[in-house]
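The values are calculated or read from the model by the stated rules, or taken from the named source; none is laboratory data. The shown structure was predicted, so the numbers you read here are calculated from the model rather than taken from an experiment. Here the Cβ positions follow ideal geometry from the backbone for every residue, glycine too, while neighbour counts run over all protein chains shown.
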Amino acid sequence: MKTFFGTNSGSEFGKIVAMDRFDSGRSLSPIRQAEAYWTALLTGDGVPMRSQIDPRGLENILEYTFILERIAPGLARFRLAGSHLNKLAGMEVRGMPLTAFFEPSAREKVKTQLNQVLSAPAIAELGLISKGKLGRVCLQARMILLPLKSDLGDVSRVLGVMVSDGTVGATPRRFSIADHQLREVADISQPTESVPHQVMGFAEDQGEFAHPVPHLRLVSSRDD
């Protein structure tokens, strides 16, 4: 049995959640792993809480993972970001808006997608492309946006993953949207076994999340 979250049953961190229902024997992509993890946290109360996100459940995809905080309608900033996003941007992206990764012509569409993720709430998956120019080859990427509740109970946080395919080349990279899919949370079936609420969260008041592989390190700041 594959495990994706938690430690030994009966520990302070809760029970093990089997990942067999998500895996058909092949390794899941970072996007599919993040979606499976988020889905395992669904309950009758709606989308998961931000405080439920445990880095141990995402440890093998941390470099692609990020947390967003809504700061205005259609606008959200990075509260946490993995090293892959910093590589694409050519700089530390924590504190930057999500729209910084997109071409000006694509930013209104990004705002619309983000509004739907947080208001419906819904899952958005975006197919992205960065055109080749000025020493950069054409680069494709995919992004998933998964809604989360803040500690106040409002849906104003997002768990996301962004993965590119190809040589990053000169930075910063800016993307346009090639395709997008939107699925409302109400239409997603809850798992038969859900993760308990009493878990150690993805705390943002730590200086950094230590991991045996340096490039999976996430820089964090205190969440509101």
Given (1) closer than 26 Å to I129 by Cβ; (2) buried (at least 17 other Cβ atoms within 10 Å of the Cβ); (3) at pLDDT 95 or above, index of the condition P48 fails
(1)
Among residues of region 61-108 being assigned to a loop (DSSP other than H, G, I, E, B) and out of contact with any strand residue (DSSP E or B) (no Cβ under 9 Å at 6 or more places or on another chain), the residue farthest from K131 (Cα to Cα) is P73
Kindly list the number of the only condition in (1) at pLDDT below 95; (2) touching an Asp or Glu at 6+ places or on another chain (Cβ under 7 Å); (3) within 19 Å of L182 (Cα to Cα) that fails for P73.
(2)
When region 128-185 is examined, which residues are found to be outside any strand (DSSP E or B), touching a strand residue (DSSP E or B) at 6+ places or on another chain (Cβ under 9 Å) and small (G, A, S)?
G132, S150, G153, G166, G169
How about region 101-122: which of its residues are loosely packed, with under 15 Cβ neighbours inside 10 Å and closer than 20 Å to A170 by Cα?
P104
